[in-house]
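Heads up, the thing below is written out as structure tokens.
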Amino acid sequence: MIPQRSARRRLTTTVLLLPLLALPLTACGSEGSAAPAAEAADPTSADTSAAPDAPDPSEPADPADPSAPAEFPGVAPELIYLTEIPGHTLAPQSAGVIGEDGWGCSYVSATGGTIELRVERAEPGAADTDITADRAAGITEFHRIRDGVRISVLTTDPDADPDLLRAALEAAHPADAAELAEALPQEDGGAPVRRGDLPPNGDGAPLDPEGAAG
């Protein structure tokens, strides 16, 4: 039979050893869980290699962008149109303002025939129309209205082919910046060439310089 005093000593020794054995286990557990927490708290450890660079809104638009709208002094950009007419080329000096903010330019043939393209705002509330031909006072005009814009081609050439005029009207389209720059020459990279013989206001005839008539 074991004396009670010896049993008490063994029990006390066992109880004292238990906390000491538990300390290494707790420390190991703390190290394993602390490492991921430290990584999550470190902002430099995040992977940012896949994030695309955001465009800078302060940078100007590329002038070579074919989608950029055309611009011409005094003309509403949405009214700047160009067309294609077989046997005719655009006369750069003819391009300019018509009316308040409309657009006009002429296409000339090798024989001197001229077809003018005019683009103006239609009357408020005007409905779209099909192509219509009018002949009066020696002028032949084909015109139509689309989305509040009146587009017309006209000529004073009595021998002008009506089918050619109709095709020119059908081919008329809004011009972008690149197309307009190609059609109109520039002066030192600036504004298109402006005619010096036109009156400053209105649609009057060219002004002949003094002594030009001889």
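Any read-out appearing in this document is the output of simple, stated calculations on the displayed coordinates, not a laboratory observation. The shown structure was predicted, so the numbers you read here are calculated from the model rather than taken from an experiment. All Cβ positions, even for glycine, are placed from backbone atoms using ideal geometry, and neighbour counts span all protein chains on display.
What is the sum of charges around Pro69, taking Lys and Arg as +1, Asp and Glu as -1, for the other residues whose C-beta is under 9 Å from the C-beta of Pro69? Combined, the nearby Lys, Arg, Asp and Glu give -3.
Under 12 Å from the Cβ of Arg150, count the other residues' Cβ atoms, weight Lys and Arg +1, Asp and Glu -1, and hand me the total. Local net charge: -1.
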